Amino acid sequence: DQQVKQNSPSLSVQEGRISILNCDYTNSMFDYFLWYKKYPAEGPTFLISISSIKDKNEDGRFTVFLNKSAKHLSLHIVPSQPGDSAVYFCAASSSGSARQLTFGSGTQLTVLP
Amino acid sequence: ETGVTQTPRHLVMGMTNKKSLKCEQHLGHNAMYWYKQSAKKPLELMFVYNFKEQTENNSVPSRFSPECPNSSHLFLHLHTLQPEDSALYLCASSQDGQLGAYNEQFFGPGTRLTVL
């Protein structure tokens, strides 16, 4: 059973609009969450992270929101740009097993010009 | 070279072949990882090495054999693989701290493996 789920395999957004990517988790021991971006023929690259002591973390156009009670996090990209088109992976870890990252299956974001 | 490099980028092998995947990190990290990504599935952690010692082995079949001669190099030796082992194999590294420290992992570009 997947502990980290990204239920939308794909998302299309118009350039300049907001992209919202969602991620749900089931393991209440997870206390650190990361988003990775992956272009074709490249490895995933780290984008942004959030600790469970926060509910929001912002870095430029990227903001991650964490709702611990709902076991839900989301990545907001605003404004979206065509270069943001990629697969986005959500990942989670717990302090008890800091080296283990559990990944979701990814969401393909396409930003249309 | 910078970051995490992997060779070869593509590999086609028969079920009776023996081959090796190589990973090198130029980031001064002390932990290295092998992941498998099959189509439409999440990345699956296979092995973790910390200071050259294997610390995790997520029930990986013995036809996959990792080797970590030093903190900068990681190999995955392959023998008698099955067609279902065809996947993208990703290497990653991180600066691993004590338990409770959070690790941002840096990934290589991966090796696309096809087993015939």
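Which residues, taken from segment A:49-69, are farther than 19 Å from residue A:111 by Cα, in a strand (DSSP E or B) and either within 11 Å of chain B (Cβ to nearest Cβ) or of a type in the set (Val, Ile, Thr) (or both)? It would help to see each step written out before you state the result.
The initial filter retains those residues of segment A:49-69 that are farther than 19 Å from residue A:111 by Cα, namely A:49-59, A:65-69.
Applying the additional criterion that residues be in a strand (DSSP E or B) yields A:49-51, A:56-59, A:65-67.
Hits for segment A:49-69 are A:49, A:50, A:51.
Of everything in segment A:23-32 that's modelled with pLDDT of 95 or more and outside any loop (DSSP other than H, G, I, E, B), which residue is nearest to the chain's Cα centre (by Cα)?
Restricting attention to segment A:23-32, the residues satisfying the condition of being modelled with pLDDT of 95 or more are A:23-26.
Remaining after also requiring outside any loop (DSSP other than H, G, I, E, B): A:23-25.
Working: A:23: 6, A:24: 10, A:25: 12 Å.
Only one residue tops the list, namely A:23.
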(request) With the condition kept exactly as written, say whether any residue in segment A:4-14 is surrounded by 18 or more Cβ atoms within 10 Å (Cβ to Cβ), over 13 Å from the mean Cα position of the chain (by Cα) and within 14 Å of chain B (Cβ to nearest Cβ). (result) no
(request) Mind counting the residues in segment A:75-110 that are in a loop (DSSP other than H, G, I, E, B), crowded, with 21+ Cβ neighbours inside 10 Å and either more than 13 Å from the chain's Cα centre (by Cα) or more than 14 Å from chain B (Cβ to nearest Cβ) (or both)? (result) 1
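Inspect segment A:7-22 for any residue being in a strand (DSSP E or B), without any contact (Cβ under 8 Å) to a residue 12 or more places away in the chain and among the polar types (S, T, N, Q) and give the result as yes or no.
There is no residue in segment A:7-22 that is in a strand (DSSP E or B), without any contact (Cβ under 8 Å) to a residue 12 or more places away in the chain and among the polar types (S, T, N, Q).
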(message) Looking at the structure I just gave you, is residue A:113 within 14 Å of chain B (Cβ to nearest Cβ) and surrounded by fewer than 18 Cβ atoms within 10 Å (Cβ to Cβ)?
(response) no
(message) I'd like the full set of residues that are surrounded by 21 or more Cβ atoms within 10 Å (Cβ to Cβ), more than 12 Å from the chain's Cα centre (by Cα) and either of a type in the set (A, V, I, L, M) or at pLDDT 75 or above (or both), limited to segment B:93-105.
(response) B:94, B:105
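Pick from B:67, B:24, B:56: which is closer than 16 Å to residue A:100 by Cα and either within 12 Å of another protein chain (Cβ to nearest Cβ) or of a type in the set (Asp, Glu) (or both)? Please lay out each step first, then the result.
On the way: B:67 fails: closer than 16 Å to residue A:100 by Cα; B:24 fails: closer than 16 Å to residue A:100 by Cα.
Within the list B:67, B:24, B:56, the selection yields B:56.
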(message) Testing residue A:42 on (1) surrounded by 19 or more Cβ atoms within 10 Å (Cβ to Cβ); (2) over 13 Å from the mean Cα position of the chain (by Cα), one condition comes back false. Which one is that?
(response) (1)
(message) Being more than 21 Å from residue B:42 (Cβ to Cβ) and hydroxyl-bearing (Ser, Thr, Tyr) is the filter here; which residues of segment A:67-94 pass it?
(response) A:69, A:80
(message) Can you tell me which of (1) surrounded by fewer than 16 Cβ atoms within 10 Å (Cβ to Cβ); (2) closer than 18 Å to residue A:89 by Cα is the one residue B:51 doesn't meet?
(response) (2)
(request) For segment B:30-48, name all the residues that are within 16 Å of residue B:95 (Cβ to Cβ) and either among the β-branched types (Val, Ile, Thr) or crowded, with 20+ Cβ neighbours inside 10 Å (or both). (result) B:31, B:32, B:33, B:48
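The values are calculated or read from the model by the stated rules, or taken from the named source; none is laboratory data. All figures in this text were calculated on a predicted structure; none of them were measured in a lab. Virtual Cβ from ideal backbone geometry, glycine too; neighbours counted across all protein chains shown.
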